[in-house]
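Peer 1: Structure provided below as structure tokens; questions to follow.
The values are calculated or read from the model by the stated rules, or taken from the named source; none is laboratory data. None of these values were measured; they are calculated from a predicted model. Here the Cβ positions follow ideal geometry from the backbone for every residue, glycine too, while neighbour counts run over all protein chains shown.
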Amino acid sequence: MIAAGVLVVSMAASFVLVRKIEAVYPSAPMEDVLFISSPEFVKRASLGYSGLLADIYWMRVVQYFGRKHQRESKEYKALAPLLDIATTLDPNLVVAYEWGSTFLDQPPPSGAGDDEAAVALIGKGIRNNPNEWRLYFTLAFVQYLGQHDYLGAAKTFEEGSKVPGAHPWMKIMAAKMLTDAGNLETARYMWQNIYDESTDKNLKQNAELHLASLVVDQAVPQLESLISEFKARTGDNPTSWRDLIASGLLRSIPRDPTGTPYVFQSDGHVVVADWRKLPFITRGKPQ
Amino acid sequence: MPRSFPTNPMLAVEILGLEKTYAIGFWKKKRKDGLKSLHLEIQQGEVFGFLGPNGAGKTTTLKLLMGLISPTAGTARILNQPWHDPAVRARIGFLPEQPYFYDHLTPIELLDYYGTLSGISAPDRRLRIPKLLERVGLAGQGGTQLRKFSKGMLQRVGIAQAVLHEPEVVFLDEPMSGLDPVGRREVRNFIQSLNREGKTVFFSTHILGDAEALCHRVAVLNKGELRGISVVADLTSQNRSRFEVVWQATAAIPAMRAFGNETHVAGEVARTIVRESQLQAALEALKSQSAQLISVNPVGGSLEEYFLQKLGEPDKVPR
Amino acid sequence: MTTRIRAIAFNTFREAVRDRVLYNLVFFALLLVATAPLLGEISIGVQRVLLINLSLSAISIFGIVISIFVGISLVSKEIERRTLYPVLSRPVGRGEFILGKYCGLAGTLLVNTMAMTTGVYVALLLMTRSFTRADANILIAIYFLFLQFIVIIGLALLFSSFSSPLLSALFALSMFVAGSFAADLRGFAAMSHGPEGLLARAASYVVPNLASLNVITRVSHDQFIPAALVGYNTLYTLLYATATITAAVLIFSRRDLK
Ligand SMILES: Nc1ncnc2c1ncn2[C@@H]1O[C@H](COP(=O)(O)OP(=O)(O)O)[C@@H](O)[C@H]1O
Ligand SMILES: [Mg+2]
């Protein structure tokens, strides 16, 4: 009899507790359950081990990208869905948003060239982690470099700068977007920031490549103008870098950031020896 | 119908119409009688034998008394208290049929565990356990895990645990089954010594020799019904004209069938009952078959007759 | 009373240890060692997240498997092998027996979980070279996992008090799955009406509320766990365990032993 009483009371009290727990630890809204998307389904099926599963998916993303990248494939079909699953399983996996949107946005072969998917992913990241200023930074970046939406980028930088703990140069970037967005110096500044702030190995390498490419973009016009100047002074076309050095216009043979000398073309153009090592250059690409 | 209380304070066990019907089959729809309304009184200080063939209801009765199963009807009193009273449990001991114990334990650990459950203090347990192990012939085996024990050794552990807390009444379910002749003799001696210490012993068996050697009184049970209760001394004093012959080597069985009417075989050991006039010839026959003789005992032919006669009477339920 | 429960609990613990239940610790250690090269593949920030997710998920899975499979055999094995006879013929109540068995397995899991926890912290220390305050958060998640075990042992005991080991394992496992979806079940039930709705609602509250006991993913990102949740979860677990054990005792007390 006593036992039956204990049973009823403890069971009833446990119902009350469930409500209390719901109040302090709310579960996912109903529509997420009713309209199960495939990532949402994976999450349900993970029985609470979603974090571990997210990490596994995340590692798959990195491996998938690395493998495709090595083969110089231009197809990254699975990249966006894999990232979606990883971030649904673990909505706080900030690195996946940053990384993912960067490589979704970048043109092939070093990315999927899908700036819509990139913006969608980073938008999801901001919704789930409104206090991560770096995500605003990444979004603004995609808007700026991928979509050339300088106004949008300025707005995103502005919003991000209001997040507590945001880096002070977020404000500077907001202003720069409005004044000199097309400037190489602005792009260099941003990539330098990514390079300095990133903890992810891939993101760092990527930023390094971009910085190197920007160096080339700056150097090639300068070198080409030196060639024109030589022509203007001597009336002859130079035949090699040596001619320029002899005339005192150059001090040594110019080298690109990979350490390889720039190639002197007979038509007066300057190109890099192997542009694959500098995939983001816009100038100095051999025809 | 249970009798009204209070009852005789000198009774060790008083069974008042205990009854057990098992529900069997997948849907528990079919009924099977395990024990029909049983009335039985056991005096303090008595060795009481509970006789019956396999399936008679002996184990059912003991499980009912131990509270392991609940009766369909009836009650019982042990040491003048209701049988399910926890206080009573500290004063009784029980050896289950074919006992099996936690095989990850050693006998010392096992007995220590049971001792704690029976409420024996730690110093007492330390004192008693080695002595008890010696008494049941397991001295030197106290530290071996039970998984390495033979059936006979387990039976000894079982007896030790049944008497560890010095109970006033000891219930033993087939204590001699599965033992070799030497082991059986030892258990017999053990029961006798328990009785000399003043303990009441209630044991079930289907072996007449054991009952005859040990019991003051026996009850005969068949198909869940009590068929009769008798004082052993009354039966055995009548004549001693028959002998139980036990031998080893089953090869001799066909030859022995010629002498005895009841030949039982249990593993390597066979047993038969022969008349006094044929005993000599039977022993000769064993020798010529080179079978090893284990024992020759006079049997109360009358106990066996009584037993067989009672088994044959289906209707009469004595009180 | 307590000495008997303690003796039964201790015997249960000893049996688990001698039946090599704690060997799972070896697998746990191997798992931690085996993931080390994996950790090198991903960036610094995620390494810690993965280590926490992986090791805590392993603690949870090992613990739940032990809770279910040892839990269902706690009583049924003793009935099957008839080791229960010499116990219950002593002054031991059936309730005491169940409680002792329960405490024994809970104790086994406590020791097991504490050993694994030590492993997690050693691995963390090797990886990050120092502890931060956020690392203390992990303890809360592990404590919640232990509460899960407490709930599941109770269920396993309850099921095994009236059904066969195989069925009990199946029931307990499905309760674990249903319990992980408990919030969804409550959501569905809230949308259905009439008598079925009421029934569905009752059912959604009877399944264990396990989702809120799994905060692994949260602590892996150093997210704050509200103190109220710790309190409510503790209380909830105690109530749920009390209910299951009481039901198990009620059923077991009426049961004939084989
Ligand atoms: N758990 C049970 N379920 C169904 N029938 C049983 C059960 N236990 C015993 N019986 C039946 O009850 C009868 C008496 O059995 P039992 O008491 O074990 O006999 P004994 O111990 O004298 O050999 C037998 O017919 C047996 O088949
Ligand atoms: Mg029997």
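Peer 1: Considering only the stretch B:42-55, state which residues are within 6 Å of ligand 1 (Cβ to nearest atom) and either out of contact with any strand residue (DSSP E or B) (no Cβ under 6 Å at 6 or more places or on another chain) or outside any loop (DSSP other than H, G, I, E, B) (or both).
Peer 2: Result: B:N54, B:G55.
Peer 1: If we scan the stretch A:62-76, do we find a residue that is at pLDDT below 80, on the phi > 0 side of the Ramachandran plot and not in a helix (DSSP H, G or I)?
Peer 2: Within the stretch A:62-76 (the criterion being at pLDDT below 80, on the phi > 0 side of the Ramachandran plot and not in a helix (DSSP H, G or I)), the answer is yes, since at least one residue qualifies.
Peer 1: Considering only the stretch B:175-189, how many residues are surrounded by fewer than 23 Cβ atoms within 10 Å (Cβ to Cβ) and either within 16 Å of ligand 2 (Cβ to nearest atom) or within 14 Å of chain C (Cβ to nearest Cβ) (or both)?
Peer 2: Looking only at that region, the number is 4.
Peer 1: Follow-up. How many residues, within the stretch A:225-248, are of a type in the set (D, E, K, R) and either touching a Leu at 6+ places or on another chain (Cβ under 8 Å) or surrounded by 17 or more Cβ atoms within 10 Å (Cβ to Cβ) (or both)?
Peer 2: 2
Peer 1: Additional query: Can you tell me which residue is farthest from B:N195 (Cα to Cα) among those in the stretch B:72-96 that are in contact with a Phe, Trp or Tyr (Cβ under 6 Å, 6 or more places away or on another chain) and within 7 Å of chain C (Cβ to nearest Cβ)?
Peer 2: B:P96
Peer 1: Within the group B:R184, B:R188, B:R147, B:R196, which residue is modelled with pLDDT under 90 and of a type outside the set (V, I, T)?
Peer 2: Being modelled with pLDDT under 90 and of a type outside the set (V, I, T) holds for just one of B:R184, B:R188, B:R147, B:R196, which is B:R184.
Peer 1: If you don't mind, there's one more thing I want to ask. Sort out which residues of the stretch C:6-18 are of a type outside the set (S, T, N, Q), buried (at least 22 other Cβ atoms within 10 Å of the Cβ) and either more than 8 Å from chain B (Cβ to nearest Cβ) or not in a helix (DSSP H, G or I) (or both), and write them in order of number.
Peer 2: Within the stretch C:6-18, just C:A16 meets the criteria.
Peer 1: Name every residue in the stretch A:156-176 that is touching a residue at least 24 places away in the same chain (Cβ under 8 Å) and of a type outside the set (G, A, S), in order of residue number.
Peer 2: A:V163, A:P164, A:H167, A:W169, A:M170, A:M173
Peer 1: Among the residues of the stretch B:23-40, how many are among the hydrophobic types (A, V, I, L, M, F, W, C), more than 10 Å from ligand 1 (Cβ to nearest atom) and modelled with pLDDT of 85 or more?
Peer 2: Summing the residues that are among the hydrophobic types (A, V, I, L, M, F, W, C), more than 10 Å from ligand 1 (Cβ to nearest atom) and modelled with pLDDT of 85 or more in the stretch B:23-40 gives 2.
Peer 1: Of the conditions (1) in contact with a Pro (Cβ under 7 Å, 6 or more places away or on another chain); (2) within 16 Å of ligand 1 (Cβ to nearest atom), B:F243 satisfies every one except a single condition; which number is it?
Peer 2: B:F243 satisfies all of (1) in contact with a Pro (Cβ under 7 Å, 6 or more places away or on another chain); (2) within 16 Å of ligand 1 (Cβ to nearest atom) except (2).
Peer 1: The conditions are (1) crowded, with 21+ Cβ neighbours inside 10 Å; (2) within 14 Å of chain C (Cβ to nearest Cβ); (3) modelled with pLDDT of 90 or more, and A:N128 fails exactly one of them. Which is it?
Peer 2: Only one criterion is unmet by A:N128, namely (1).
Peer 1: Let me ask you something else. Suppose we filter the stretch B:131-154 for residues that are within 30 Å of B:A87 (Cα to Cα) and either exposed (fewer than 14 other Cβ atoms within 10 Å of the Cβ) or among the basic types (K, R) (or both); how many remain?
Peer 2: Looking only at that region, the number is 3.
Every residue, every condition in (1) acidic (D, E); (2) surrounded by 14 or more Cβ atoms within 10 Å (Cβ to Cβ); (3) within 8 Å of another protein chain (Cβ to nearest Cβ), yes or no:
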site	(1), (2), (3)
C:L173	no, yes, no
C:F176	no, yes, yes
C:S180	no, yes, yes
C:L185	no, yes, no
C:A200	no, yes, no
C:A203	no, no, no
C:S212	no, yes, yes
C:H221	no, yes, yes
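Peer 1: Right, something else. Would you mind stating whether C:V92 is touching a residue at least 60 places away in the same chain (Cβ under 8 Å) and not in a helix (DSSP H, G or I)?
Peer 2: Details: touching a residue at least 60 places away in the same chain (Cβ under 8 Å): yes; not in a helix (DSSP H, G or I): yes.
Considered against the rule, which asks whether it is touching a residue at least 60 places away in the same chain (Cβ under 8 Å) and not in a helix (DSSP H, G or I), C:V92 comes out as yes.
Peer 1: Filter the stretch A:9-38 down to the residues that are more than 7 Å from chain C (Cβ to nearest Cβ) and within 18 Å of C:H221 (Cβ to Cβ), then identify the one that is modelled with the highest pLDDT.
Peer 2: Top of the filtered list is A:P26.
Peer 1: For the stretch B:52-68, which residues satisfy the criterion of being near ligand 2 (Cβ under 9 Å from one of its atoms), more than 12 Å from chain C (Cβ to nearest Cβ) and surrounded by 22 or more Cβ atoms within 10 Å (Cβ to Cβ)?
Peer 2: Residues satisfying the conditions are B:G52, B:A56, B:G57, B:K58.
Peer 1: Taking the stretch C:50-100 as the search range and keeping residues that are more than 9 Å from every other protein chain (Cβ to nearest Cβ) and in contact with a Pro (Cβ under 7 Å, 6 or more places away or on another chain), which one is nearest to B:I78 (Cα to Cα)?
Peer 2: Within the stretch C:50-100, the match that is nearest to B:I78 (Cα to Cα) is C:S76.
Peer 1: For the stretch A:79-156, give me every one of the helices (runs of 4 or more DSSP H) that falls completely inside it and has 2 or more residues that are β-branched (V, I, T) and over 21 Å from A:K201 (Cβ atoms).
Peer 2: Per the criteria, A:79-89, A:115-128.
A quick yes/no check of all residues on (1) within 22 Å of B:F203 (Cβ to Cβ); (2) assigned by TED's automatic domain parsing to the domain that holds B:M66; (3) of a type in the set (G, A, S):
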position	(1), (2), (3)
B:A122	no, no, yes
B:R125	no, no, no
B:K131	no, no, no
B:Q145	no, no, no
B:I159	yes, no, no
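Peer 1: Here are some conditions: (1) crowded, with 21+ Cβ neighbours inside 10 Å; (2) more than 14 Å from chain C (Cβ to nearest Cβ); (3) within 16 Å of ligand 1 (Cβ to nearest atom); (4) under 26 Å from B:I294 (Cα atoms). B:L214 meets all but one. Which one does it not meet?
Peer 2: Here B:L214 clears every test but (3).
Peer 1: Still on this model: Being surrounded by 20 or more Cβ atoms within 10 Å (Cβ to Cβ) and under 17 Å from the mean Cα position of the chain (by Cα): is that true of C:T108 here?
Peer 2: Yes; evaluated as a whole, the condition is true for this residue.
Peer 1: From the list A:D243, A:D236, which residue is without any contact (Cβ under 8 Å) to a residue 12 or more places away in the chain and not hydroxyl-bearing (S, T, Y)?
Peer 2: A:D236
Peer 1: Show the residue pairs that are 6+ apart or on different chains and have beta-carbon atoms under 6 Å apart, the first residue being within the stretch A:202-218 and closer than 11 Å to A:Q192 by Cα and modelled with pLDDT under 85, the second being assigned to a helix (DSSP H, G or I) and among the β-branched types (V, I, T).
Peer 2: A:A207/A:I194
Residues checked against (1) within 9 Å of chain C (Cβ to nearest Cβ); (2) part of a helix (DSSP H, G or I); (3) at pLDDT 95 or above; (4) within 16 Å of ligand 2 (Cβ to nearest atom):
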site: B:S70; (1), (2), (3), (4): yes, no, no, no
site: B:Q98; (1), (2), (3), (4): yes, no, no, yes
site: B:T116; (1), (2), (3), (4): yes, yes, yes, no
site: B:G119; (1), (2), (3), (4): yes, no, no, no
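Peer 1: To continue, here is another question. Checking B:K32 against (1) without any contact (Cβ under 8 Å) to a residue 60 or more places away in the chain; (2) under 22 Å from C:R81 (Cα atoms); (3) within 16 Å of ligand 2 (Cβ to nearest atom), which test does it fail?
Peer 2: Of everything listed in (1) without any contact (Cβ under 8 Å) to a residue 60 or more places away in the chain; (2) under 22 Å from C:R81 (Cα atoms); (3) within 16 Å of ligand 2 (Cβ to nearest atom), B:K32 misses just condition (2).
Peer 1: Give B:K58, B:K20 a once-over and let me know the one that is in the same structural domain as B:S177 (by TED's automatic domain parsing), in contact with a Ser or Thr (Cβ under 7 Å, 6 or more places away or on another chain), under 23 Å from B:K199 (Cβ atoms) and within 13 Å of ligand 1 (Cβ to nearest atom).
Peer 2: Just a single option satisfies the conditions, and that option is B:K58.
Peer 1: What's the number of the condition C:A248 fails, among (1) among the small types (G, A, S); (2) within 13 Å of chain A (Cβ to nearest Cβ); (3) farther than 20 Å from C:I66 by Cα?
Peer 2: So the condition that C:A248 fails would be (3).
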